[in-house]
Every structure is written in C-alpha cells, then in structure tokens.
Amino acid sequence: MVSDALKKLYSTTFSQAYSPDEALLALGNKEGEITIFDLKNVNQSREGGGGERLRRPFQIVNGHNDAIYSMVSTPDFCITGSTGVIAGRRWSDLRKMKTQTAWTIALESDQSNFGTPEINSLAYDEDRGLVYAACGDWKTHAYDLESGKRTMSFEGHDDYVHDVVISGNTVASCGEDGAVLVWDGRTGRDPCHKLTPHTHDQLQRPNIGRFLTSLHLNNDWLVCGGGPKAGVFHLRSLALTTVLPPSSSAVHFTKFTDNTQDGAQGGIVVAGATPRVFVCSLAGDVTAEIQSSSPCIYTVHIINKPYTLMTMGGMSSKMDVCFNLNYRDHVVSLVED
C-alpha cells in the first residue's frame with residue numbers, strides 16, 4: 001500500500017477559496033484535505049509596500065472522504081464540494097483551529113443512472129443567498145444556504161457539468177458534452193443561449209476532445225476552454241472574437257481579471273495541461289507567461305483587493321505564488337514538515 005507520506009507528496013490540488021475578512025486561503029486536494037494558509041502578515045506587509053512570502057500551511061483539515069473538486073467562499077463560510085456532499089465551515093472557526101462543519105447538504109442519488117454525483121464546481125449568489133453546484137448528473141443545482149433546500153435545477157447538458165458561473169441574473173455552465181449553456185437564473189427554464197466552441201474551426205482540436213472544463217463571464221463577454229482552445233465570445237451576438245493560448249494542450253482554467261493594484265490593465269488568465277499560466281490582453285496578445293511547479297494546473301486563484309496575489313496549484317505538492325500577474329515570486333510546500 002502507498003504510505004500517507006507518499007500520497008501527500010503526490011497530492012493534486014483541485015480548488016481554492018479565499019476569505020477577505022479572515023485573510024485565509026484554503027485549497028482542496030484529491031485526498032479530501034483542506035490546506036489553509038494565513039495571509040494576514042502578507043496583507044500587512046504588502047500594504048506597507050513590501051511583499052512577505054507565504055510560508056508553511058496554517059493548518060490542514062480532513063474535510064471529506066473523497067476529493068474536494070470545488071470550493072467557494074462567502075463572507076462567513078468556506079464551502080467545499082466533493083462526491084455527493086456540499087459542506088460549509090465557518091472562516092472564524094478555521095481561524096481558531098476549529099475544523100467542524102457548520103452544515104452539510106447531501107445531493108440526491110440516482111442509482112439507476114448516475115449513482116452519487118460529484119460536485120465539479122460551486123458558485124455563490126450573494127444577492128439571493130444561493131450556491132450553485134455543477135454536478136456529474138448532467139445538471140446544475142441551486143441550493144438555498146438558509147434552509148439547505150434545493151430551489152432549482154438547470155438541465156440541458158448531455159454529460160457531466162464541469163463548471164458554473166453567475167453574473168447578475170445570468171447563470172452559465174459548461175460540460176463534457178462541449179456545450180456552454182446560458183440561462184436567466186430567475187426562471188431556470190430552457191437556456192437562453194447555447195455555444196459549441198468545438199464547432200469553430202479556429203478553436204477545435206479533435207485530437208484532445210470537445211469537452212469544456214472552464215468558463216467565466218464579464219458583462220456581455222464569455223471566455224471558455226477545454227479540449228477546444230480557449231476563446232472569447234460576445235454573448236449578445238454569440239460571435240467568437242478572440243482565440244487564446246495554449247495551442248496544443250487542454251485548458252482547465254479561464255478567467256477575466258480586473259485592473260491590478262499596480263495599475264496593470266485587466267485581461268484574461270488561462271492555464272491547463274502545461275506548466276505555464278498565460279496572461280493575455282482582451283485582444284489575445286500574451287502579456288506574461290508564468291512558469292509553474294505543476295506540470296498540469298487545475299486551479300488558479302486571483303486576488304486584486306486589497307492587494308494583488310495569484311496562487312496556482314495542480315499535479316504537485318507545491319503552490320506557486322505571484323504578487324502580480326507578471327512573474328512567479330516564490331513556491332510554497334503544501335506538505336506539513
């Protein structure tokens with residue numbers, strides 16, 4: 001049998017969440033652990049003009065019996081998604097080294113078709129107090145955080161749903177079927193728009209596949225990627241406007257970014273099955289190519305306020321740390337000494 005120490009050395013990080021109030025950064029891995037870093041000193045140092053390095057983990061919590069595929073933060077909770085379970089832990093409890101869950105939501109199991117679905121992505125709607133879960137049962141479910149009850153399910157995908165994002169009243173998801181579906185979140189009925197990036201000559205890569213693993217919204221713009229190259233679409237016209245790198249490997253992360261604290265113009269961050277994170281302009285020009293410790297990157301987390309911080313994780317026991325969107329500042333071990 002593989003020892004626990006060896007498992008940690010070959011750990012894979014799938015997800016991240018950040019609490020601005022408690023200044024904690026949490027990462028979820030394939031062993032079901034939540035690795036937590038204290039950003040308080042980093043925050044204070046950078047506000048004073050310096051840049052203190054992130055060091056060893058603040059604590060490591062046994063969060064789930066299965067991999068933590070997704071995480072999202074609310075002002076009060078660090079919410080994690082695993083196989084069949086969504087769990088919430090109070091950031092204030094984690095600060096005090098208390099690891100108990102405040103609440104859990106168990107997904108309904110359909111043994112005839114899917115069994116217990118994994119939760120591949122979580123999104124938080126602060127205005128409505130809802131958390132959206134993109135699941136392996138081909139659906140995205142919305143849950144009320146006050147009652148724990150499911151309020152709505154968004155259907156239309158023909159395979160696993162890999163990612164879900166919200167922007168105002170808009171809910172968008174993408175999946176293994178190669179489709180992006182966009183809904184009016186107030187009704188949850190048939191999708192308003194459907195995009196199939198793999199049908200675009202500029203994006204298709206049949207040798208990798210049609211699946212989509214990541215998307216992000218910014219007003220009338222949508223960026224997504226997976227087997228097809230990452231691309232930017234105008235939602236109102238559904239037109240493809242920009243093609244993004246990498247050219248020959250799968251994409252696992254896409255995100256629009258705001259202007260940084262040092263005045264750098266916002267753009268798009270793309271990462272995936274390559275040891276590099278690409279920072280691009282909205283026109284598709286690469287403005288930075290940042291080396292990673294991981295040969296395959298699954299999660300990138302970007303903080304712009306009160307300071308700029310980008311952390312990257314994937315198939316490695318290391319986490320890369322950037323104090324801007326131009327270069328890697330240093331590398332932190334995710335394994336306790």
Handout entry: Filtered residue count, region 221-242, keeping only those that are in contact with a Lys or Arg (Cβ under 9 Å, 6 or more places away or on another chain) and not charged (D, E, K, R)
Key = 5
Practice task
Quickly run through region 137-164 and pick out the residues that are closer than 16 Å to THR104 by Cα and hydrophobic (A, V, I, L, M, F, W, C).
Solution key: ALA142, LEU145
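Does TYR124 satisfy the criteria of being surrounded by fewer than 22 Cβ atoms within 10 Å (Cβ to Cβ), among the aromatic types (Phe, Trp, Tyr) and closer than 20 Å to LEU217 by Cβ?
Working: surrounded by fewer than 22 Cβ atoms within 10 Å (Cβ to Cβ): yes; among the aromatic types (Phe, Trp, Tyr): yes; closer than 20 Å to LEU217 by Cβ: yes.
So TYR124 fits the description; yes.
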Exercise for the section: Could you run through region 76-97 and say how many residues are among the small types (Gly, Ala, Ser) and assigned to a strand (DSSP E or B)? Expected result: 3
Completion exercise
Among residues of region 208-224 being touching a His at 6+ places or on another chain (Cβ under 8 Å) and assigned to a strand (DSSP E or B), the residue surrounded by the fewest Cβ atoms within 10 Å (Cβ to Cβ) is TRP221
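Out of the residues in region 14-71 that are assigned to a helix (DSSP H, G or I) and of a type in the set (S, T, N, Q), which is modelled with the highest pLDDT? Give the steps one after another, and end with the answer.
Step one: list which residues in region 14-71 are assigned to a helix (DSSP H, G or I), which gives 40-47.
Among the residues that remain, those that are also of a type in the set (S, T, N, Q) are: 41, 43-45.
Details: ASN41: 80, ASN43: 71, GLN44: 69, SER45: 66.
Among those residues, the one meeting the criterion is ASN41.
The values are calculated or read from the model by the stated rules, or taken from the named source; none is laboratory data. Since the structure is predicted, the reported quantities are computational estimates derived from the model, not experimental observations. Backbone-built Cβ (ideal geometry, glycine too); neighbour counts: all protein chains shown.
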